[in-house]
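Below is one structure, written out as structure tokens, with a few remarks after it.
The values are calculated or read from the model by the stated rules, or taken from the named source; none is laboratory data. All values reported here derive from a predicted model rather than from experimental measurement. Positions of Cβ are generated from backbone atoms using ideal geometry, with glycine treated the same way; all protein chains shown enter the neighbour counts. Note: areas computed on protein heavy atoms with side chains; ligands, DNA, RNA excluded. Shrake-Rupley method; radii C 1.70, N 1.55, O 1.52, S 1.80 Å.
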Amino acid sequence: QVQLVESGGGTVQAGGSLRLSCAVSGRIFSIINMAWHRRAPGTQRELVARISSGGSTYYTDSVKGRFTISRDNAKNTVYLQMNSLKPEDTALYYCASSSGVWGQGTQVTVSS
């Protein structure tokens, strides 16, 4: 069965950068849509970015111009490059597939 494993989270100062990775098991990665979501403590989960199997992307307004989602179909991996990080970006970040499978999450903490 398909499983997703996130990595790359950590603590960074405001203005810094991190790159999150999501490794996907299975052989159907190239034909499914992928997304990154995040949840801060006590808040509702928010869609951060999405990428289709064809490479079309979507970003929530708060991260436009700072975050970039990409995918490497040969490695079955989706990435989220996060630049100019702000304290309000602090959250648990989840990778998800359009088939309804979620990863365990990776913590991103941005200090001021």
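Structure above, values below:
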quantity	calculated
Alpha-carbon centroids, the stretch 70-112 and the stretch 4-39: separation in whole Å	3
Residue-normalised accessible area of the chain, given per residue in Å² at a 1.4 Å probe	53
Per-residue SASA entry for Asp72, accessible area with 1.4 Å probe, Å² rounded to 10	50
Distant-in-sequence amide H partners of Val2 (H built 1.01 Å from N, under 5 Å)	none
Candidates Ser62, Ser52, Ser97, ranked by Gaussian network fluctuation over the chain, Cα under 10 Å, top entry	Ser62
Gaussian network model of the chain, Cα within-10 Å springs - most flexible of Ile51, Ile31, Ile69	Ile31
Heavy-atom accessible surface of the stretch 45-106: percent carbon and sulfur, 1.4 Å	44
Once exposed loop trypsin sites (Lys or Arg not before Pro) are cut out (DSSP; at most 14 other Cβ, 10 Å), longest piece of the chain	65-112
Two-site label geometry, Arg66 and Thr109: point separation in nm, points 7 Å out along Cα→Cβ	1.9
Net charge of Cβ neighbours under 15 Å - reference Asn76; Lys, Arg +1; Asp, Glu -1	+1
